[in-house]
1. Run down the lysines and flag those whose C-alpha is under 26 Å from the C-alpha of residue 159, throwing out any fewer than 8 positions away in its chain.
2. Of the listed peptides 141-150, 57-66, what is their order by residue-averaged count of other C-beta atoms within 10 Å, with the highest listed first?
3. Report, to the nearest whole %, how much of the accessible area of the stretch 2-82 belongs to carbon and sulfur atoms, 1.4 Å probe, protein only.
4. Taking only protein heavy atoms and a 1.4 Å probe, what accessible area per residue, in Å², does the stretch 1-72 have with all protein chains in place?
Amino acid sequence: MLNKFLAGRTGYLVGFLSSFGLVALALWIQTKYHLEPCPLCISQRIVFMALGVLFLLAAIIPKFPKFFAALQVLAALGGAGVAVRHWWIQAHRESMVADCGVGFDYMFENFPLKKALTLVFRGTGDCAAIDWTLLGLTIPQLALLAFIGLAGYAIYLAKLNKK
């Protein structure tokens with residue numbers, strides 16, 4: 001029954017809604033608990049949105065499920081990489097610089113793109129902060145689980161819709 005429901009465009013729309021739903025959840029957590037997202041948090045949100053767009057494109061153009069699955073898995077793995085990096089920074093927060101560093105907007109407004117991207121992925125002191133947890137898991141750990149889940153879901157949809 002579930003396979004029948006998720007076959008075709010509906011499954012990809014569920015992926016789209018899940019990806020953007022995770023971004024909406026992150027924004028809700030941010031506003032409810034008055035948190036300021038670090039550059040790596042913002043990067044993970046961007047990857048979730050890109051993944052959502054890929055799911056939406058797969059719903060609009062259903063003729064290439066394997067192609068879109070490959071792109072979705074690559075995007076999810078990229079997001080998982082950012083989440084792992086963020087988790088590593090949090091795990092080593094004792095050795096991180098105490099100040100928060102510059103913000104995401106400031107980096108892209110005042111540095112060349114290559115330098116700004118280097119600064120984003122290096123992480124800053126605020127990337128090391130653990131401001132919120134759910135069941136003992138930090139936000140990057142939860143994001144990692146979500147990226148892995150969405151990659152698995154993309155593979156599942158590709159097998160379900162293979163042509």
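The values are calculated or read from the model by the stated rules, or taken from the named source; none is laboratory data. Quick caveat: nothing in here was measured; it's all calculated off a predicted structure. Neighbour counts run over all protein chains shown; Cβ positions are idealised from the backbone, glycine included. Areas reflect the complete protein model, heavy atoms only, side chains present, ligands, DNA and RNA absent. Shrake-Rupley method; radii C 1.70, N 1.55, O 1.52, S 1.80 Å.
1. Qualifying lysines at Cα under 26 Å: 4, 63, 66.
2. 141-150, 57-66
3. Details: 3240 of 4260 Å².
Roughly 76 percent, rounded to a whole number.
4. About 57 Å² of surface per residue is accessible.
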